[in-house]
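*Asks:* Sending over a structure as structure tokens; questions will come in a sec.
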Amino acid sequence: MLSRVADALYWMARYSERTETNAHILQVQLLNMLEQSGNEHEYFDHWEAILDICASKEEFMASYEVICVNPLIEYLLFSENNSNALHATLRAIRENARITRDRIPIELWELHNAFYLYMQQEIMVRERPFPLISLHYFLHNVRKTSLTVTGLIEDSMERDLPFYFMQVGKWLERAEKMIRMILIMLEQQKLATSHLDDVDGTFLLDLTKATESFHRKYHQTKLKYVIQYLLHDAHFPRSVIVCLKKLEEAFLHIEKDHLTARFLALNTPLKALLAAINEVDIPSSSLEEVIVLMEERLCQCIDFGHTFSTVYHLYEPSLQA
């Protein structure tokens with residue numbers, strides 16, 4: 001398989017996962033606002049966390065003096081200055097799907113293309129700011145499309161190299177995003193001078209789509225136990241440990257020969273990351289210790305992504321000249 005095809009498949013999967021996760025996060029916050037009759041001040045800290053998770057607070061604050069809801073929503077969804085805006089990631093997904101049309105199910109290309117055209121024709125031309133209900137409906141359609149894409153990939157694609165390059169992109173993006181969300185929520189608590197034992201983890205559960213599964217097993221929502229669950233639960237499909245094991249499985253299908261230089265270059269850091277996640281003991285650690293642990297794990301995850309991209313010559317298409 002040509003490296004440019006592997007490149008497009010890998011980044012299409014990463015962008016797809018990023019788009020669905022960011023859409024869910026924004027939908028959670030908009031529902032909170034609707035329940036509070038649009039009172040943005042009730043959730044200022046939440047908006048700040050969402051900005052850090054979905055984009056760059058430093059880049060946003062360079063253009064805006066304060067965090068206000070309407071400019072922030074515009075920045076996260078449609079700004080040309082934000083490479084992680086939903087409009088930008090959906091455009092990247094569609095372009096990568098176009099490049100790989102002969103390696104993915106035709107329905108997958110048609111779905112990506114149709115949704116991007118719908119956004120261009122029905123959403124981008126609408127007058128701003130959007131009513132919250134309209135935004136909620138748009139984000140619902142983004143997530144519905146993403147879930148349909150997941151079903152098409154699982155049901156229609158052969159288990160060959162294109163499938164497994166997409167799997168690496170998906171699980172790596174999901175693991176990195178989960179660690180980033182945990183870290184940002186912890187950093188907010190440090191600024192609030194909170195003690196880890198006193199912090200509620202309900203908002204983090206909502207952001208990570210873990211609320212229902214967590215409550216089936218536990219009857220309290222202390223943040224430290226929520227984080228332990230999001231890192232280590234072997235049955236929750238978004239836990240970091242599950243993501244890394246799925247990533248390892250996909251990598252082993254790509255690189256069947258365990259004596260190649262590529263395998264050795266990737267297997268060692270992946271095993272080290274898995275071991276490091278397994279060793280994290282949140283309930284026995286202080287807030288400051290957990291933040292340091294999460295910073296280290298996030299760096300490991302990002303470094304593994306860079307190593308994988310370098311080994312297979314995968315370079316993010318949207319960043320190419």
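*Asks:* Quick check on Glu279: is it acidic (Asp, Glu) and either touching a residue at least 24 places away in the same chain (Cβ under 8 Å) or closer than 30 Å to Phe163 by Cα (or both)?
*Replies:* no
*Asks:* In the stretch 271-291, what residues are of a type in the set (Lys, Arg) and touching a Phe, Trp or Tyr at 6+ places or on another chain (Cβ under 8 Å)?
*Replies:* none
*Asks:* Pairs please, first residue from the stretch 256-267 and surrounded by 11 or more Cβ atoms within 10 Å (Cβ to Cβ), second anywhere and among the aromatic types (Phe, Trp, Tyr), Cβ atoms under 8 Å, 6+ apart in sequence or on different chains.
*Replies:* That search, which allows pairs on different chains as well, returns Arg262/Tyr312; Leu266/Phe251; Leu266/Phe304; Leu266/Phe308; Asn267/Phe251.
*Asks:* Of the numbered conditions (1) outside any helix (DSSP H, G or I); (2) touching a residue at least 40 places away in the same chain (Cβ under 8 Å), Trp171 satisfies every one except a single condition; which is it?
*Replies:* Tallying (1) outside any helix (DSSP H, G or I); (2) touching a residue at least 40 places away in the same chain (Cβ under 8 Å), Trp171 fails exactly one: (1).
*Asks:* So Ser284 clears everything in (1) surrounded by 13 or more Cβ atoms within 10 Å (Cβ to Cβ); (2) over 22 Å from Val28 (Cα atoms) except one condition, right? Which one?
*Replies:* Every listed condition holds for Ser284 apart from (1).
*Asks:* List every residue pair whose Cβ atoms lie under 7 Å apart, where the two residues are 6 or more positions apart in sequence or sit on different chains, the first residue falls within the stretch 209-231 and is farther than 17 Å from Arg297 by Cβ, and the second residue, located anywhere, is of a type in the set (Lys, Arg).
*Replies:* Lys209/Arg238; Ala210/Arg238
*Asks:* Being open to solvent by 40 Å² or more (accessible area, probe 1.4 Å) and either within 19 Å of Lys170 (Cβ to Cβ) or modelled with pLDDT of 95 or more (or both) is the filter here; which residues of the stretch 290-315 pass it?
*Replies:* Within the stretch 290-315, Val292, Leu293, Glu295, Glu296, Cys299, Gln300, Ile302, Asp303, His306, Thr307, Tyr315 meet the criteria.
*Asks:* Taking the stretch 129-145, which residues are open to solvent by less than 70 Å² (accessible area, probe 1.4 Å) and outside any loop (DSSP other than H, G, I, E, B)?
*Replies:* Leu132, Ser134, Leu135, His136, Phe138, Leu139, Asn141, Val142, Arg143, Thr145
*Asks:* Then there is this: Does Phe165 count as buried (at least 20 other Cβ atoms within 10 Å of the Cβ) and either at pLDDT below 95 or within 23 Å of the chain's Cα centre (by Cα) (or both)?
*Replies:* Judged against the criteria, Phe165 is a match.
*Asks:* When the stretch 271-309 is examined, which residues are found to be β-branched (Val, Ile, Thr) and in a helix (DSSP H, G or I)?
*Replies:* Ile277, Val290, Ile291, Val292, Ile302, Thr307
*Asks:* Within the bounds of the stretch 153-161, is there any residue that is at pLDDT 95 or above and open to solvent by less than 30 Å² (accessible area, probe 1.4 Å)?
*Replies:* Yes, some residue in the stretch 153-161 is at pLDDT 95 or above and open to solvent by less than 30 Å² (accessible area, probe 1.4 Å).
The values are calculated or read from the model by the stated rules, or taken from the named source; none is laboratory data. Quick caveat: nothing in here was measured; it's all calculated off a predicted structure. Cβ coordinates were reconstructed from backbone atoms using ideal geometry, including for glycine residues, and neighbour counts include every protein chain displayed. For the accessible areas, the whole protein counts, side chains as well, though only heavy atoms, and no ligand, DNA or RNA atoms are used. Shrake-Rupley method; radii C 1.70, N 1.55, O 1.52, S 1.80 Å.
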